[in-house]
Structure formats: structure tokens, C-alpha cells
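Here the structure is laid out as C-alpha cells; the discussion comes afterwards.
Each value in this text was obtained by applying a stated rule to the coordinates, not by laboratory testing. Fair warning: this is a prediction, and the values are worked out from it, not measured in the lab. Cβ placement follows ideal geometry from the backbone for every residue including glycine, while neighbour counts extend to all protein chains displayed.
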Amino acid sequence: MSGFHGWIDSVLQLVSWIEKNRAKLELHGASDYSSSMAGDDNFRFPPTMRLKKKTEFTRVFREGVAWKGSYFSLHLLLRTGDLLPRRKDDALFQEEGPRLGMVVTRKVGSAVERNRIKRKIREAFRKTAHRLPAVDLVIRPNAACKEAPEEEISRSLGRAVKAALESVKERT
């Protein structure tokens, strides 16, 4: 029982320390990292903005246009009214906004590096998604993307989407 009582004493000490230092804690607020990741509600990245199924990726690769840049290759499929869902519950055409999918191969780096790249790309997409039409994007980053800062990835993503949308217009 003494171990349990020792644990309770530790918790009580922590609570009293927090109460004494509440003003200091509120003065500092949230860290820059957590506040930048939280963003405001207009810039969220909910599951409806993600490509998840193999059929969704395949459709973008087959029917979309491709653009190759220095940091990644981008495949874009414009979702318009003339493209009808194959089934009534087809998720591809139920959502209005853009959706993102990523393919990051082991050639890019270790699992840690691949996940870091995905976080950078997701953040760049999250910040620019409100300006995009209803498109499905699949991004395939290359090894150069590891060293690129998030701002450069964001600018490259904007240029890539613009170039891909112009090639869609040329096709039609």
C-alpha cells in the first residue's frame, strides 16, 4: 500500500505546483509547434480530404495528368460534373474539395525520413487546400524532398497544381 500512497503524494505535489505556477504557465501559452499544427478550423486536414482506396489512386494515375518537378511528381485528376460515380455511394464524387494521396517509396529514405516528408507535404497541402478546386492529387516525392524546407515544398506544390490544371485545360 505504501507504493500507492507514494504515488498519490506525488500527484498531489504536482497539482499544488501547477496551482502555484499557473500564472507563469498561462503567460507562456502553447508552444509554437502545437499552435502551428492545430491551425484554425478553415485549414484542417480531415479524413474526407484524403485518398484512401487503391481504386482512387488507380483512377488518378490512369485518368489524370502528371507533372514532374524537382521535389516530387504530381498526378492530378479534376473532379467535375461530367465525371459520374460508378456507384451511388462512390466517395470520389461526394466531397467538394481537394483530396490528397501520397506514395513514398523506400528509395526516398528510412521510415523516419519518409514520415517526415509526408508530414511536410500534408502541411503544405493543408495550408493551400482552401484555394484549390475539386481535384484529387497523388504526390510521389523523391529524395530531394528530404532536404527541402516546408515553405519551398509549399511553393512547389502551388506551381505544380497550377501547371497540371493548365494541362487539363489544354486537353479539353
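Where does the range 121-162 land on Rg/Rh, using Cα atoms and the Kirkwood Rh?
0.94
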>> Can you compute the FRET efficiency between T105 and L14 using 1/(1 + (r/R0)^6), with r the Cβ-Cβ distance and R0 = 45 Å? Round to the nearest 0.05.
In response: 0.50
> Using modelled amide H (1.01 Å from N, peptide plane; none on Pro or chain starts), what sits under 5 Å from the amide H of S73, excluding residues fewer than 5 places away?
Replying inline: R140, N142
> So which lysines can K127 reach, going by Cα to Cα under 22 Å and dropping same-chain residues fewer than 8 places off?
Replying inline: K52, K68, K118, K146, K162
> Each residue of the range 98-107 in turn: what ³J(HN,Hα) in whole Hz from Karplus with 6.51, -1.76, 1.60 and θ = phi - 60°, glycine and Pro shown as x?
Replying inline: x, 10, 10, x, 10, 10, 10, 7, 5, 4
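Could you tell me the calculated FRET efficiency between E151 and F61, based on Cβ-Cβ distance and R0 = 22 angstrom, to the nearest 0.05? Mind showing how you got there, number by number?
Numbers: r = 28 Å, r/R0 = 1.29.
The value I calculate is 0.20.
From the Cα gyration tensor of the range 94-159, with a ≥ b ≥ c the square roots of its eigenvalues, which class applies: rounded if a/c is under 1.5, or else prolate if a/b is larger than b/c, or else oblate?
Here the range 94-159 falls in the prolate category.
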> For the residue pair R116 and T128, what label-to-label distance in nm results when each label sits 7 Å from Cα along the Cα-to-beta-carbon direction?
Replying inline: 2.2 nm
>> Please list, in order along the range 135-147, the HN-Hα scalar couplings obtained from phi with the Karplus expression 6.51 cos²θ - 1.76 cosθ + 1.60 (θ = phi - 60°), rounded to whole Hz, x for Gly and Pro.
In response: 10, 10, 10, 10, 10, 10, x, 10, 5, 5, 5, 4, 8
